[in-house]
Every structure is written in structure tokens, then in C-alpha cells.
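> There's a structure below that I have some questions on.
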Amino acid sequence: MSLLTWSERLALGHPTMDETHEEFVALLNDLGAAEGDQILASMDTFISHTEKHFGQEDAWMEQLQYPRIGCHRNEHANILEVVREVRTRIAGGEQQYGRTLAEALAEWFPVHAASMDAMLAAFMQFGAEALSECSHEGSESCPHSGAGGDAPGATPASSS
Ligand SMILES: [Fe+2]
Ligand SMILES: [Fe+2]
């Protein structure tokens, strides 16, 4: 059974982002369903795709001087750190963590897509005005970024 089903509910109206997210969901399900030696191979495919996925969004945010880049980029970095750590454990024989990771990311992804990715998609389509309309969504805090907060040099733009 799939951990997460792609649907219009997850779509953000940005074709490139939506295509990437649909692939992400498919690879997440592959990882969750993998068994035995497939798990490490699935993990590597998933990591490679996720590096490109997050890298693309980070590059868009840098190019557009996106005001909320700090939180979003930190969350990507934190997730990738966890994913790479789990890969190390799987390679060491703890294969059960492939399924555990996939389950956790199936919970995380819809929240990330509906908040940070949705804001970025709106900003790319409608510009800065889109952010003022969704300013209630995590504009000040970095709920999943751990102790680090915004990365150095990546503080949100001032309001002046
Ligand atoms: Fe994304
Ligand atoms: Fe993202």
C-alpha cells in the first residue's frame, strides 16, 4: 500500500515544482515498499532526486532573492542530513530504517508542500504580494529548523 498518494490536493500550480513533487511521492512510495537489497538502491535513487528537488528550489530562492529563503533552505538541509544519516545506517545493515524514514517523510511532505513550497510557488507566480496574503503561515518562525534557525547571511529581508 502506498504511503502517500499524489493528488491535486498536493499540486501548487507551478508545473515544474508539481512534476518534481509527483516524482518525489512516487520515489517515497518505492522506498517504503522496497525490501532486502532493494532498500539501499531505492534510498540512493531517492537521495539523488531529493538533492535535485531541494537544490532547484534553493536556486530559485537565491535567484529571486526570496525573502524567506532562510527557513526554507534550512528545512531542506535538515531533511537531507537526516536522509543521509539513515542511508549510512541502512548501508550498515539496519535496513528497517528505510521504511521508517519513508513513513516519516510521508507525514512531513504534505506539510512542507502546503506551507513553504506553496509560499515559494505563489511568490514565483505572483511576486511579493503573494507573501503578504499568506503572512500567517510561519513568517516569523522556523518550526522545523532545529536549533540553527536561519542560516548565517540568510536572514529575511527587512521590511524597510
Ligand atoms: Fe518541494
Ligand atoms: Fe521545499
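> Can you list the helices (runs of 4 or more DSSP H) lying wholly within segment 18-127 that have 3 or more residues being in contact with a strand residue (DSSP E or B) (Cβ under 8 Å, 6 or more places away or on another chain)?
Helices (runs of 4 or more DSSP H) meeting the threshold: none at all.
> Just a yes or no: is a residue in segment 20-33 of a type outside the set (V, I, T), modelled with pLDDT of 95 or more, away from ligand 1 (no atom under 11 Å from the Cβ) and touching a His at 6+ places or on another chain (Cβ under 7 Å)?
yes
> Here's a follow-up. Would you please list the contacts, defined by Cβ atoms under 7 Å and residues six or more apart or on different chains, that run from a residue in segment 1-22 that is touching a residue at least 40 places away in the same chain (Cβ under 8 Å) to a residue that is acidic (D, E) and crowded, with 18+ Cβ neighbours inside 10 Å?
Taking only residues 6 or more apart or on different chains, the pairs are L12/D18; L12/D117; M17/D117.
> Let me ask you something else. What are the residues in segment 72-126 that are of a type in the set (D, E, K, R) and at pLDDT below 95, if any?
none
> E51 versus (1) within 16 Å of the chain's Cα centre (by Cα); (2) surrounded by 16 or more Cβ atoms within 10 Å (Cβ to Cβ): which is the lone unmet condition?
(2)
> Are any residues in segment 81-111 more than 17 Å from H21 (Cα to Cα) and surrounded by fewer than 15 Cβ atoms within 10 Å (Cβ to Cβ), and if so, which ones?
E81, V82, R84, E85, T88, A91, G92, G93, E94, Q96, T100 - these are the residues of segment 81-111 that are more than 17 Å from H21 (Cα to Cα) and surrounded by fewer than 15 Cβ atoms within 10 Å (Cβ to Cβ).
> Can you pull out every residue in segment 78-113 that is touching a residue at least 12 places away in the same chain (Cβ under 8 Å), over 16 Å from N29 (Cα atoms) and within 12 Å of ligand 2 (Cβ to nearest atom)?
Answer for segment 78-113, where residues must be touching a residue at least 12 places away in the same chain (Cβ under 8 Å), over 16 Å from N29 (Cα atoms) and within 12 Å of ligand 2 (Cβ to nearest atom): N78, I79, L80, H112, A113.
> Modelled with pLDDT of 95 or more, within 13 Å of ligand 1 (Cβ to nearest atom) and under 23 Å from M1 (Cβ atoms): does that describe L40?
no
> If we keep just the residues of segment 1-12 that are part of a loop (DSSP other than H, G, I, E, B) and surrounded by fewer than 11 Cβ atoms within 10 Å (Cβ to Cβ), which is modelled with the highest pLDDT?
S7
> Continuing with the same structure: Restricting attention to segment 114-121, does a residue exist that is more than 17 Å from the chain's Cα centre (by Cα), within 20 Å of M17 (Cα to Cα) and aliphatic (A, V, I, L, M)?
no
> Can I ask one more? Counting only residues that are touching a helix residue (DSSP H, G or I) at 6+ places or on another chain (Cβ under 6 Å) and in contact (Cβ under 8 Å) with a residue 24 or more places away in the chain, which one in segment 48-65 is nearest to S132 (Cα to Cα)?
M61
The values are calculated or read from the model by the stated rules, or taken from the named source; none is laboratory data. None of these values were measured; they are calculated from a predicted model. Neighbour counts run over all protein chains shown; Cβ positions are idealised from the backbone, glycine included.
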